[in-house]
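What follows is a single structure, written as structure tokens, with notes after it.
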Amino acid sequence: MRKSTRRYPTLSRLIDACARHLPAGLRKPPGADPETGQPTDERGGEALLSHAQSLAAAARHDDLRAHAARMTQRTDDLFLLVRLAIVLREAGLFEEADSTCRHILQADPGYAFAHYELGVSLAAQRRHADALGSFARILTRLPQDERAHLQVARMQMATGRHAEAEAMLERLRGFAPAHEDLPWLAEFNRYLASFPLEAVRAQATAYAESPHYIWEEDIVRRIVQALESRRGFSLVRLGDGEGAFLRISDEDEARYAHLYRRNRQDRARVWFDGEIDLDASGFTQTAAGLADVIRNADVVGLPPVSWIEHEYRTISPISLSCLVNVVRAMPALDTGQGLCTQLIHRSLHHNGQLAALLRGRARIGLIACHPDAPALLARGFGIGEVAFHQIPGEKLNAALLGPAAVAGRHFPDRFTALMQDLSQPLAGELFLVAGGLLGKIYCDRIKRSGGVAIDIGSLIDAWLGAPTRPGFFTPRDRLGPA
């Protein structure tokens, strides 16, 4: 907990410290019960927890359930059991995690760690009212626990109790006025109160039911027409990264300054991981040009209503306001362009229409980070030549993408050079673009130079077997052998 008594030390530090001293491969440590093999000393308890973690990592859920039940019966180390509850929750075994926390609370009804982890589990299950009660109980024993105050406020927001959430944050401000989360969280509470789900859903649904909303077949037809007539075309998709940098108005920027700054820093961390200063580098100013990119696009992919609803259910401070700002910005950016789902890249891939567009082409352009992508696409789709414009990939996903895919600095170095390259006449050349927010600007430059740009985003990662967007693509989406 962010500010707690010595009785409740920082959880992550304790776990790290224990892990450093855990004997490798320990199964029956000294002090084990001779009949059951269950350890009875402290080091044995750590070995039991390590075994639970191994079962969770291997997705052996039935074995994990049985092992957790034995641990709960055999140990009275409450902090060890809290950590077991975390393992169970992170494995998706919410019922078992909650049961473990309640077992702890039977032994010590005021044990703050158990109340906290139970609240986290209930919140993950979207049982926000129950989670609120669990977090609130911490404050009866630790009335100045900062993290509990923040979680109580978030659950009050989730249940529509915005005045109470504001009061809870004010209470926290009374004894921790410099807490770094207070400014943006207070603005997030006001944001939720100003833009309730019902109103946002209605606006997003109106776009999905608009006469300008088009489906895969019509999109492919428009792309083919642009290719045949050798005229410029761009399809761009808007998600939380783009929404973070869209500006609604100066008044809106001032009202939610801390929230928006946090959103932008978080999204930029994925792309650059602290490599640049957003303002000093000129990135913020460049990103402001996204509005003109959207106005000039032929087709714009918008977040589906189901995605927006999900963010409201989980009360995601960053993604929620970013996606909602896409919807809020569209009235000023609507030029009659075609509208579609933001997930259009996945639809075109899964139904084979993107493959049909690519198959047998003499030449295409590709903007992406993967050095192996040109050969893979040429082989997989029978393309004669793939003109490759490599850009540095997402720095935060370096472990998934590999060092060759993230080498160099995307902005402003590579961005400036590539924008110059794309200013040459492109005469109807087809481009696949995967470059985050900057990729949308590339699409616009391609269109203005007479090329045809399709924003495929993380589909390129799926083709190369790099799972940068878990849940959106599967190993079956990979091109060629694994």
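The values are calculated or read from the model by the stated rules, or taken from the named source; none is laboratory data. What you see is a predicted model; the values in this text were computed from it and never measured. Here the Cβ positions follow ideal geometry from the backbone for every residue, glycine too, while neighbour counts run over all protein chains shown. Each accessible area value is taken on the protein alone, full model and side chains, heavy atoms only, with ligands, DNA and RNA left out. Shrake-Rupley method; radii C 1.70, N 1.55, O 1.52, S 1.80 Å.
Things to note:
- Point-charge dipole on Cβ atoms (K/R +1, D/E -1) for the chain, about Cα centre, debye to 20: 360 debye
- Between region 225-245 and region 375-436, the alpha-carbon center distance in angstrom: 16 Å
- With helices as the sole contributors, the chain gives -17500 deg cm²/dmol at 222 nm; each DSSP H run of n ≥ 4 counts as -39500 (n - 2.57), and the sum is divided by every residue.
- Residue-count net charge about Arg363 - beta-carbon cut-off 9 Å; Lys, Arg +1, Asp, Glu -1: -1
- Ordered by 1.4 Å accessible area with all protein chains kept, Ile318, Ile223 run largest first as Ile318, Ile223.
- Residues whose placed amide H lies under 5 Å from that of Arg237, excluding near-sequence neighbours: Gly301
- With every protein chain in place, the chain: carbon and sulfur % of accessible area (1.4 Å): 50 percent
- The accessible-area ordering, largest first, of the residues His67, His51 stands as His51, His67, per a 1.4 angstrom probe.
- In order along region 300-312, phi translates into HN-Hα couplings of 10, x, 9, x, x, 4, 4, 5, 4, 4, 4, 5, 5 Hz, rounded to whole numbers, per the Karplus curve 6.51 cos²θ - 1.76 cosθ + 1.60 with θ = phi - 60° and x for Gly and Pro.
- For Cα Rg over 2.2 N^0.38 Å, the value computed from the atomic coordinates appears in the list [x] 1.12; [y] 1.04; [z] 0.98 under label [x].
- The per residue volume of the convex hull around the alpha-carbon atoms of region 75-121 is 56 Å³.
- Cα centroid separation, region 108-140 to region 42-77 (Å): 22 Å
- Solvent-accessible area per residue in region 285-357 equals 31 Å², computed with a 1.4 angstrom probe and all protein chains kept.
- Rounded to the nearest 10 Å², the accessible area of Thr468 at probe 1.4 Å: 20 Å²
- Neighbour-limited loop hits for GluC sites (Glu not before Pro), region 147-200 (at most 13 other Cβ within 10 Å; DSSP other than H, G, I, E, B): Glu180
- The ellipsoid that matches the Cα gyration tensor of region 117-275 has semi-axes, each √(5λ) in whole angstrom, of 41, 19, 15, with the longest given first.
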